[in-house]
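First the structure, in the form of structure tokens, and then the observations on it.
The values are calculated or read from the model by the stated rules, or taken from the named source; none is laboratory data. Given the structure is predicted, the values throughout are model-derived calculations rather than measurements. Neighbour counts are summed over all protein chains in view; Cβ atoms, including those assigned to glycine, are modelled from backbone coordinates with ideal geometry. Protein only, heavy atoms only, side chains kept; ligands, DNA and RNA dropped before computing areas. Shrake-Rupley method; radii C 1.70, N 1.55, O 1.52, S 1.80 Å.
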Amino acid sequence: MNLTHSLITLPLLLVLILPSSGRAADSEYPPLDVMVGSMIMCGFRGAELPPEDPFLKLVANGHVGHVILFDKDVTTGTPRNIISHRQVRQLVQTLKQAAARPMLIAIDQEGGIVSRLKPQYGFVDLPSAADMSEGKPELTRSWARKTGMEMRRLGINV
């Protein structure tokens, strides 16, 4: 099953197994569009989200449940969501404040070439997993702890 098929099948299954959104307003379930939105994690373009931004409205309305941040747009190479510590912290705070429910904020920060928080933006230069595995386990734990602390300070939880 490919990703496109999965993304199409999931909402269809939800329609079949979850209570009808046409049922009573007194239902204990949120509307179907919000239930589906709570399962969606997506990226967006921009280093800040002003209150009138359409993406922020999708987050506030529950149509986007979770977000992944990127440093640059793969197709164009232009900057996307990451400029500096302060800016990322503010962006994450804006997203979480707008969200109707707890929000997952994700980023690829594995080390080496898979690092969205790069030294050029003021972040620690994290070695690759392969490089870390060649060292002592204590050193790898230290890198993991540093990365986790940095993510926590930024408000990134995935």
(message) For Ala106, only one of the following conditions fails: (1) free of Cβ contacts under 8 Å to residues at least 60 places away in the same chain; (2) open to solvent by less than 30 Å² (accessible area, probe 1.4 Å); (3) out of contact with any Gly (no Cβ under 7 Å at 6 or more places or on another chain). What is its number?
(response) (1)
(request) Take region 44-54 and flag every residue that is open to solvent by 30 Å² or more (accessible area, probe 1.4 Å) and within 24 Å of Arg116 (Cα to Cα). (result) Arg45, Glu48, Pro50, Asp53
(message) Restricting to region 1-52, and then to whatever is of a type in the set (Val, Ile, Thr) and assigned to a helix (DSSP H, G or I), can you tell me which residue is modelled with the highest pLDDT?
(response) Val36
(request) Would you be able to say whether some residue in region 29-49 is within 30 Å of Ser142 (Cα to Cα) and aromatic (Phe, Trp, Tyr)? (result) no
(request) Please find, within region 109-126, the residue that is farthest from Val67 (Cα to Cα) out of those that are surrounded by 17 or more Cβ atoms within 10 Å (Cβ to Cβ) and either acidic (Asp, Glu) or free of Cβ contacts under 8 Å to residues at least 40 places away in the same chain (or both). (result) Leu126
(message) Scan region 64-73 and tell me whether some residue there is open to solvent by 70 Å² or more (accessible area, probe 1.4 Å) and more than 15 Å from the chain's Cα centre (by Cα).
(response) no
(request) Just give me the residues in region 134-154 being touching a helix residue (DSSP H, G or I) at 6+ places or on another chain (Cβ under 7 Å) and among the polar types (S, T, N, Q), in sequence order. (result) Thr140
